[in-house]
Amino acid sequence: MVGVIGVAFALLANLLSPRGLNPAANYFPGDNPSTAPTNQIPPARSADGSNVPPQPASAEDSLIARLQKNGLHPLDRAGAEKLFRDPRRQDNAILFIDARDADHYQEGHIPGAFEFYPYHPADYLEAVLAPCQIASQIVVYCTGGDCEDSQSAALFLRDAGAVPAEKLMVYVGGITDWEAAGLPVETGPRNSGNIRNPSP
């Protein structure tokens, strides 16, 4: 009885909360477990002809394969840095979108990046939609590695009809790769001016 009351209370609280989960929403657009890529590369042969045990694909390789399977364009650090330094970014013709939650965004994001956490899209769509429709190139990123939030955000924006697929790129290395390279990081809200590792 206590368990039933607890479940009923939890469902009611979720329903009434403005940040509650929508049970009908697809939080992982484009994912299809039956066709998901495996985490193994094909077996190889050694010099003597014997089988070499399969090696697991790196998290980055797996993410690139998933992005390509879903029609998204992967971007490496060199490409992300080139777009970041492009003067068109100052006019919002090139946008960066951070797909991490609010706490991680505040701790540090690519300077000028918009926040768009794909698991609560209604909280961010109003701020992101108009700039996305004007921009010619949009770079979405999250933590990097095996983080899938950037893919989820890009698929949401594309599948909602907000952004054409040809504009969207996903920075595979994410903020972890960006910070490791000593590139500028902004803390606090967007355009706060609080920059670590400012560009020379």
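A few comments on the model shown:
- Sorting Val185, Val170 by the number of Cβ atoms found within 10 Å of their own Cβ, with the fewest placed first, yields Val185, Val170.
- Relative exposure of Tyr141, Tyr105, judged by other C-beta atoms within 10 Å (fewest first): Tyr105, Tyr141
- Taking other C-beta atoms within 10 Å as the exposure proxy, Glu126, Glu81, Glu115 rank Glu126, Glu81, Glu115 from fewest upward.
- When DSSP beta bridges are restricted to pairs lying wholly in the range 59-190, around 5% turn out antiparallel.
- Shown in residue order for the range 77-91 are the 3J(HN,Hα) couplings computed by the Karplus curve 6.51 cos²θ - 1.76 cosθ + 1.60 at θ = phi - 60°: 5, 4, x, 5, 5, 4, 5, 4, 8, 5, x, 5, 5, 5, 9 Hz (x for Gly and Pro).
Here, each number is a calculation from the coordinates, and none is a lab measurement. None of these values were measured; they are calculated from a predicted model. For neighbour counting, all protein chains shown are included, and Cβ atoms are generated from backbone atoms with ideal geometry for every residue, glycine included.
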